[in-house]
Amino acid sequence: MTAQLLTQRHDATLILTISDPQARNALSPQVSAAAVEALSVAEADASVRAVVLAGDGAHFCAGGNLRRLAVNRATGSEAQEQHLRLFHQFIEALRTHPKPVIAAVEGAAAGGGFSLALACDLMVAAEDARFSMAYARVGLSPDGGGSWHLACFLPRALALELLWLGEAATARQLQTWGLVNRVTDSGEALSQALRMAEELAAFAPNALASAKELVNQARVRALGEHLAAESTHFVDNLFHANGAEGLQAFFEKRAPRFS
């Protein structure tokens, strides 16, 4: 069975589920293409305030399908290059999406599956979730921005240890390293992620989008350039209708009703 992407609405949250439980939800080009399209539609839909990415059943995502890789190797590089383009479009769509994206991780998040979780804004992981980058064990190198995210978020030696040795890290370890936001009981990652999404849905979407864009750009900007960007975003949000609503709600001592 080829993995497919399931979509479901939960109030203001769009749930994207990678589904191929027999293969631990290994990735497919179809999943990547469908996810890019779903994220594009969600971006234009004001009723969607957050996105949760999950896996079907006991696992999040086992990464690339090694059988497909073997076939691609036998038939030439063109198919594999196309698959990587689609997968990397999926990664970029997660990183640049203006609405909060939360990974809900159960079981295995391996290789490209780990990369997907890292590309999300927030990560909720079950206590027994395991994260690994075992590319080197089969003679391969990372994809999906895995090496980029680990190099940005972790000390160099720790990033290389994960990429070279491929040993599985626990959810608690990743929480200690600052990669996982919440650790839950087994089977509770999705429900906890949905609670976080519901909380975020109550905030002004334009303000959340500004904060995400600023954080995404901070590493490539000098301080002066970043301060100028902060100033632009701040003024834009102050004069947005949600800025007026937020201030009025504060003075009236009530919960704001952001659009």
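The values are calculated or read from the model by the stated rules, or taken from the named source; none is laboratory data. No experiment lies behind these values; they were computed from the predicted model shown. With ideal geometry, Cβ positions are generated from the backbone for all residues, glycine too; neighbour counts draw on all protein chains shown.
Contact map, the range 206-226: residues that are assigned to a helix (DSSP H, G or I) paired with residues that are of a type in the set (A, V, I, L, M), Cβ distance under 7 Å, separation 6+ or inter-chain. Pairs shown: 208/200; 214/229; 217/229; 226/218. Cβ separations smaller than 8 Å between residues 6+ apart or across chains give the following pairs from the range 128-150 residues that are in the same structural domain as residue 180 (by TED's automatic domain parsing) to residues that are of a type in the set (Phe, Trp, Tyr) and not in a helix (DSSP H, G or I): 129/60. Report yes if some residue within the range 51-62 is touching a strand residue (DSSP E or B) at 6+ places or on another chain (Cβ under 9 Å), in a strand (DSSP E or B) and over 24 Å from residue 135 (Cα atoms); otherwise report no. The answer is yes, given that some residue of the range 51-62 is touching a strand residue (DSSP E or B) at 6+ places or on another chain (Cβ under 9 Å), in a strand (DSSP E or B) and over 24 Å from residue 135 (Cα atoms). Considering the range 150-182, the residues that are within 16 Å of the chain's Cα centre (by Cα) and in a helix (DSSP H, G or I) include one that is surrounded by the fewest Cβ atoms within 10 Å (Cβ to Cβ), namely 152.
Residues of the range 11-51 that are β-branched (Val, Ile, Thr) and more than 14 Å from residue 90 (Cα to Cα): 13, 15, 48.
As a summary of the residue check, residue 224 satisfies the conditions (1) surrounded by 13 or more Cβ atoms within 10 Å (Cβ to Cβ); (2) at pLDDT 95 or above except for the one numbered (1). Considering 57, 107, the condition of being in contact with a His (Cβ under 8 Å, 6 or more places away or on another chain) and on the phi > 0 side of the Ramachandran plot is satisfied by 107 alone. Residue count for the range 183-200, restricted to those that are touching a residue at least 60 places away in the same chain (Cβ under 8 Å) and either in a loop (DSSP other than H, G, I, E, B) or surrounded by fewer than 18 Cβ atoms within 10 Å (Cβ to Cβ) (or both): 4. Considering the range 78-108, the residues that are small (Gly, Ala, Ser) and over 25 Å from residue 198 (Cβ atoms) include one that is surrounded by the most Cβ atoms within 10 Å (Cβ to Cβ), namely 108. In the range 109-120, the count of residues that are surrounded by fewer than 18 Cβ atoms within 10 Å (Cβ to Cβ), in the same structural domain as residue 27 (by TED's automatic domain parsing) and not hydroxyl-bearing (Ser, Thr, Tyr) is zero.
Here the condition is being of a type in the set (Phe, Trp, Tyr) and exposed (fewer than 13 other Cβ atoms within 10 Å of the Cβ); of 203, 250, it holds for 250 alone.
Rundown of residues vs (1) modelled with pLDDT of 95 or more; (2) in the same structural domain as residue 138 (by TED's automatic domain parsing); (3) polar (S, T, N, Q); (4) closer than 26 Å to residue 191 by Cβ, yes/no style:
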position	(1), (2), (3), (4)
9	yes, yes, no, yes
15	yes, yes, no, yes
40	yes, yes, yes, no
44	yes, yes, no, no
53	yes, yes, no, yes
56	yes, yes, no, yes
60	yes, yes, no, yes
88	yes, yes, no, no
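State all residues of the range 176-227 that are within 30 Å of residue 57 (Cα to Cα), hydroxyl-bearing (Ser, Thr, Tyr) and in contact with a helix residue (DSSP H, G or I) (Cβ under 6 Å, 6 or more places away or on another chain); if no residue qualifies, say none. Of everything in the range 176-227, just one residue is within 30 Å of residue 57 (Cα to Cα), hydroxyl-bearing (Ser, Thr, Tyr) and in contact with a helix residue (DSSP H, G or I) (Cβ under 6 Å, 6 or more places away or on another chain), namely 184.
Could you list all residues from the range 121-142 that are surrounded by fewer than 24 Cβ atoms within 10 Å (Cβ to Cβ), of a type in the set (A, V, I, L, M) and part of a strand (DSSP E or B)? Reasoning before the result, please.
Taking the range 121-142 first, the residues surrounded by fewer than 24 Cβ atoms within 10 Å (Cβ to Cβ) are 121-122, 126-128, 130, 132, 134-142.
Within this subset, residues satisfying the condition of being of a type in the set (A, V, I, L, M) are 122, 126, 134, 136, 138, 140.
Hits for the range 121-142 are 122, 126.
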